[in-house]
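Laboratory data are not the source of any read-out in this text; all were calculated from the coordinates shown. Computed from a prediction, not measured in an experiment: that's the story for all the values here. Cβ placement follows ideal geometry from the backbone for every residue including glycine, while neighbour counts extend to all protein chains displayed.
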Amino acid sequence: MPNFADAELTLLVCPGSDLSPTLQREIAALCSRAFEIDYTPYLATFPDPTHVLAFLGKRLVSHALWVTRWLQQGHWLLRTAYVEGMVTEPTLQRRGYGTAVMRRLAQAIHGYDLGALSTSSVGFYTRLGWELWRGPLFVRTEQGLKPCPEDRVMVLRLPNTPPLDIEGPLSAEWRPLDVW
């Protein structure tokens, strides 16, 4: 394995439209390795993503993106930075690269009403200030609200976040593949 001890971690925030085809393939490959699935179809469904990229030297080692979604809690319609594709190269995990990416992402989304994500790694995000939503989750469809009892969502309160009842219902617009 190459020695990365002398390499400096560089973080870059980049609109998806500015990514080169080569970097798009690198992101897809990194996400696919980390999630152990072909992540390319998921990346194709995210409208206007903004990426946070972590490079160790010239090597992409960690990544997250956000897309704008509209979550609703009570009468609040919340412009939300919804996080997807948070990964670190499997052989380089537990070295702080994912933490650095998520801290940079939190700075970049400060103008949104809320940050949100779906994860099974609750402890990692809790340590970074995210809260597990304890109320019921729904997806908004043409037929009305559809319950999502199997999903778990975490939120990050931002400067523009209104008072929220974290025990109350939260809904998101429908989207293909994973609705949450």
Just give me the residues in the stretch 97-120 being more than 11 Å from Leu158 (Cα to Cα) and touching a helix residue (DSSP H, G or I) at 6+ places or on another chain (Cβ under 9 Å), in sequence order. Gly98, Thr99, Met102, Leu117, Thr119
Restricting the stretch 36-63 to residues that are under 22 Å from Thr80 (Cβ atoms) and in contact (Cβ under 8 Å) with a residue 40 or more places away in the chain, which is surrounded by the most Cβ atoms within 10 Å (Cβ to Cβ)? Val52
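Please specify each residue of the stretch 60-78 satisfying the condition of being within 26 Å of Pro41 (Cβ to Cβ) and either in contact with a Leu (Cβ under 9 Å, 6 or more places away or on another chain) or not polar (S, T, N, Q) (or both). Working first, answer last.
Going through the stretch 60-78, the residues within 26 Å of Pro41 (Cβ to Cβ) turn out to be 60-71.
Answer for the stretch 60-78, where residues must be within 26 Å of Pro41 (Cβ to Cβ) and either in contact with a Leu (Cβ under 9 Å, 6 or more places away or on another chain) or not polar (S, T, N, Q) (or both): Leu60, Val61, Ser62, His63, Ala64, Leu65, Trp66, Val67, Arg69, Trp70, Leu71.
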The one condition in (1) touching a Leu at 6+ places or on another chain (Cβ under 9 Å); (2) under 22 Å from Thr161 (Cα atoms) that Gly85 fails to fulfil: (2)
Residue in the stretch 14-35 that is farthest from Ile109 (Cα to Cα), counting only those that are in contact with a His (Cβ under 8 Å, 6 or more places away or on another chain) and surrounded by 13 or more Cβ atoms within 10 Å (Cβ to Cβ): Leu30
Do any residues in the stretch 114-134 that are touching a residue at least 12 places away in the same chain (Cβ under 8 Å) and hydroxyl-bearing (Ser, Thr, Tyr) have Cβ atoms under 7 Å from those of residues that are surrounded by 13 or more Cβ atoms within 10 Å (Cβ to Cβ) and in a helix (DSSP H, G or I), where the two are at least six apart or on different chains, and which pairs are they? Thr119/Tyr125
Determine if the stretch 60-79 includes at least one residue that is part of a loop (DSSP other than H, G, I, E, B) and touching a Lys or Arg at 6+ places or on another chain (Cβ under 9 Å). no
Among the numbered criteria (1) touching a Lys or Arg at 6+ places or on another chain (Cβ under 8 Å); (2) within 21 Å of His75 (Cα to Cα), which one does Pro159 miss? (1)
Please state which one of Thr68, Thr99, Thr40, Thr50 is more than 24 Å from Leu128 (Cβ to Cβ) and either within 17 Å of the chain's Cα centre (by Cα) or not aromatic (Phe, Trp, Tyr) (or both). Thr40
